[in-house]
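> To start, I am sharing the structure in question, which I have written as structure tokens.
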Amino acid sequence: MGATITSNGTAVDPAVAGKGYVHPEVLVSTNWLAEHLDDPGIRIIESDEDVLLYDTGHIPGAQKVDWHQDLNDPVLRDYVSSEQFENLLRVKGIDESTTVIFYGDKNNWWAAYAFWVFQLFGFTNAKLLDGGRIKWEQEGRPFNTDVPRFPKTNYKAPKRSDEKIRAFFKQVGEHSSAGKPLIDVRSPEEYTGQRTHMPDYPQEGTLRGGHIKGARSIPWARAANPDGSFKDASSLRAIYEQEKGLSKGDDIVAYCRIGERSSHTWFVLTYLLGYDRVRNYDGSWTEWGNAVRAPIEKGPEK
């Protein structure tokens, strides 16, 4: 089964409702957030690729979650333990009654990644800010550098559960061999093997370029408007279903380079289009492209 869709904050933002999503309750607009900055029942979390960006100015009341230090184990290539996650949320003033609003740079790559990691711990009372930091900034909305402090909670984290929304190397290999849908959300140049990272980034981290055998190329950015917001449901279905042939009942694995861009696509398919079985392969190309004898393909989609 796919991700469990539940939220304590069930009211739907009217600005989002008209976009036709299956689960519009997981998004809020910049207008909605601007009107709820002082709501004691929400916590705003900024999670960026640029981990120094928060300190230059952030949405008033927002706290920072560093994707590297706060969500990843410092030794294993894995996520934090239940105890570490529990402490993080307690310190941030978050418990089950709190609605967490995520946003970030890069059209919410890392905000979607943080949202996804929270789901691994069963924390479902969470939403994304549609458009993220870029849309808030383009609209001339306020930023400040104050770091808020909230009363510590007694939040108790459950054991982390990976099987529903996370895929591992062996599972991906079996998925590929079975011909099940694999979605490569990287840039076209990464997919074909011309690059091992996005344009304008150092071409490092993997020994080989290319894509996993049978993967379809659907760059994550195709799901976003120029202002960083998500395209409406009909536009998304035109890409994923009419063009690429996916359907709601498919068993789908999405991957990128390290799992953040594929978190964005996982969010689109799971919540905006309501797909039942979508997993994020966070090992992604840095694992697959370096693994001995892992089969790859180069060139355009076949």
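The values are calculated or read from the model by the stated rules, or taken from the named source; none is laboratory data. The structure presented is a predicted model; accordingly, all values stated were derived computationally and were not measured. Ideal geometry is used to build each Cβ from the backbone, glycine not excepted, and the neighbour counts take in all protein chains shown. We work out accessible area using only protein heavy atoms, side chains counted, and drop any ligands, DNA or RNA first. Shrake-Rupley method; radii C 1.70, N 1.55, O 1.52, S 1.80 Å.
Residue-by-condition table, conditions (1) assigned to a helix (DSSP H, G or I); (2) closer than 30 Å to residue 14 by Cα:
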residue: 128; (1), (2): no, yes
residue: 149; (1), (2): no, no
residue: 153; (1), (2): no, no
residue: 156; (1), (2): no, no
residue: 163; (1), (2): no, no
residue: 172; (1), (2): yes, no
residue: 206; (1), (2): no, no
residue: 209; (1), (2): no, no
residue: 234; (1), (2): yes, yes
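> Let me ask something else. Test residue 246 against the criterion of being part of a loop (DSSP other than H, G, I, E, B), at pLDDT below 95 and over 19 Å from the mean Cα position of the chain (by Cα), and give yes or no.
no
> Among the numbered conditions (1) surrounded by 15 or more Cβ atoms within 10 Å (Cβ to Cβ); (2) under 25 Å from residue 12 (Cβ atoms); (3) among the polar types (S, T, N, Q), tell me where residue 138 comes up short.
Result: residue 138 fails condition (1) only.
> Still on this structure: Among the numbered conditions (1) touching a residue at least 60 places away in the same chain (Cβ under 8 Å); (2) more than 22 Å from residue 264 (Cβ to Cβ), tell me where residue 63 comes up short.
Residue 63 satisfies every listed condition except (2).
> Would you call residue 235 among the hydroxyl-bearing types (Ser, Thr, Tyr), touching an Asp or Glu at 6+ places or on another chain (Cβ under 8 Å) and either free of Cβ contacts under 8 Å to residues at least 12 places away in the same chain or open to solvent by 10 Å² or more (accessible area, probe 1.4 Å) (or both)? Before you say what the answer is, go through the steps one by one.
Details: among the hydroxyl-bearing types (Ser, Thr, Tyr): yes; touching an Asp or Glu at 6+ places or on another chain (Cβ under 8 Å): no; either free of Cβ contacts under 8 Å to residues at least 12 places away in the same chain or open to solvent by 10 Å² or more (accessible area, probe 1.4 Å) (or both): yes.
Judged against the criteria, residue 235 is not a match.
> Now, a different point. Can you find a residue in segment 252-270 that is in a loop (DSSP other than H, G, I, E, B), within 22 Å of the chain's Cα centre (by Cα) and over 20 Å from residue 110 (Cβ atoms)?
Step one: filter segment 252-270 for residues in a loop (DSSP other than H, G, I, E, B), giving 256-259.
Next cut, within 22 Å of the chain's Cα centre (by Cα) only: 256-259.
After this cut, where a residue has to be over 20 Å from residue 110 (Cβ atoms) as well, the list is none.
Checked against the condition, which is being in a loop (DSSP other than H, G, I, E, B), within 22 Å of the chain's Cα centre (by Cα) and over 20 Å from residue 110 (Cβ atoms), segment 252-270 yields no hits at all.
> Restricting attention to segment 205-222, does a residue exist that is touching a helix residue (DSSP H, G or I) at 6+ places or on another chain (Cβ under 6 Å), over 23 Å from residue 287 (Cβ atoms) and open to solvent by 50 Å² or more (accessible area, probe 1.4 Å)?
Yes, segment 205-222 has at least one match.
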